[in-house]
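Engineer: First, the structure itself, so that you have it in front of you.
The values are calculated or read from the model by the stated rules, or taken from the named source; none is laboratory data. Bear in mind the structure is a predicted one, so any value in this text is a computation, not a measurement. Backbone-built Cβ (ideal geometry, glycine too); neighbour counts: all protein chains shown.
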Amino acid sequence: MDRSDGRVGDTSRPALEQVLQRLTEHGFVPLPQKATQDASSGKVDIHLRECPMLAAAREQPEVVCNVHLGLVRGWLEDHGGTAADLEPFAGSGYCTVRLTDTLDSSGRADNS
């Protein structure tokens with residue numbers, strides 16, 4: 001079912017935009033200006049400055065961060081790809097979500 005309300009399953013919007021919106025809705029602060037796309041590889045890094053479960057993530061990152069990674073992979077799945085990784089506490093004050101599917105120019109997963 002094609003939806004156009006910006007929710008998961010909305011195939012009218014690029015996958016990257018969907019993920020950024022969903023992260024925001026769930027209390028993360030993805031910084032789109034910090035999302036850098038490597039055009040040659042199709043990889044996209046998204047720096048997250050906020051975490052809705054920061055205290056728990058610091059105590060048990062293997063649990064909390066894997067749940068967050070599962071959310072991102074689920075959102076991507078609606079767009080034909082699930083290749084994503086999460087690096088907890090990747091830098092000073094942020095985590096990094098790395099989308100590793102090759103994305104076409106629209107931001108949709110290119111599974112060719």
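Engineer: Pick out the one residue from 69, 48, 54, 31 that is out of contact with any helix residue (DSSP H, G or I) (no Cβ under 8 Å at 6 or more places or on another chain), modelled with pLDDT of 90 or more and within 18 Å of residue 93 (Cβ to Cβ).
Structural biologist: Values: 69 fails: within 18 Å of residue 93 (Cβ to Cβ); 48 fails: out of contact with any helix residue (DSSP H, G or I) (no Cβ under 8 Å at 6 or more places or on another chain); 31 fails: modelled with pLDDT of 90 or more.
Going through 69, 48, 54, 31 in turn, just one is out of contact with any helix residue (DSSP H, G or I) (no Cβ under 8 Å at 6 or more places or on another chain), modelled with pLDDT of 90 or more and within 18 Å of residue 93 (Cβ to Cβ): 54.
Engineer: Checking residue 18 against (1) at pLDDT 75 or above; (2) more than 14 Å from the chain's Cα centre (by Cα), only one condition comes out false. Which one?
Structural biologist: All conditions are met except number (2).
Engineer: Scan segment 56-77 and give yes if some residue there is surrounded by fewer than 17 Cβ atoms within 10 Å (Cβ to Cβ), closer than 17 Å to residue 20 by Cβ, touching a residue at least 60 places away in the same chain (Cβ under 8 Å) and not basic (Lys, Arg), otherwise no.
Structural biologist: For segment 56-77, residues surrounded by fewer than 17 Cβ atoms within 10 Å (Cβ to Cβ), closer than 17 Å to residue 20 by Cβ, touching a residue at least 60 places away in the same chain (Cβ under 8 Å) and not basic (Lys, Arg): present.
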